[in-house]
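Just so it is clear, none of the values below were taken in a lab; they were calculated from the coordinates. Every value quoted in this text rests on a predicted model; they were computed, and no experiment measured them. All Cβ positions, even for glycine, are placed from backbone atoms using ideal geometry, and neighbour counts span all protein chains on display.
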Amino acid sequence: MCEESASCGVVDHDDQHRYRVKIKVLGASGLPDMSDDKWLGGCCDAYARIVFNGEIIETAVIDNCREPVWDCARVFERIPQREVWFEVEVWDKRRGVVADVLIGQSEKQSARLDLVFQLKGADIRVPIRNAYGECNPTVTL
């Protein structure tokens, strides 16, 4: 689960070039209406799952919102490699025994930490493809 944090995504390194990476999931925009029962006023109960070098970050669920703001962060200490990869998925939370529904996911992204370090924590907007191949939703890290 994510921890709340006021600072943006940051990359820092020590003298052995091991990197400290803070991934901050800010929010998403352009999510579709996922409600089966639209007359009940439901919309989208969204959460994001980020896979960073094989480790999973999962946000809280934001109920009835197509523009969720998660604003949560996780810190990864002492990352030894310069190149990392991540994937972003956005899910609609279902209640009861029904499985959650995948709204969309990004392509696998890679980044060189030494180059990101020079940017001092710039926001990254990741396009999300849904089941129909559309790229409307985005997640900001």
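Annotations for the structure displayed:
- The simple Förster model, with R0 at 22 Å and r as the Cβ-Cβ distance, assigns F76 and Q109 a FRET efficiency of 0.90.
- Estimated FRET transfer efficiency (W85, V61; beta-carbon r; R0 30 Å; 0.05): 0.70
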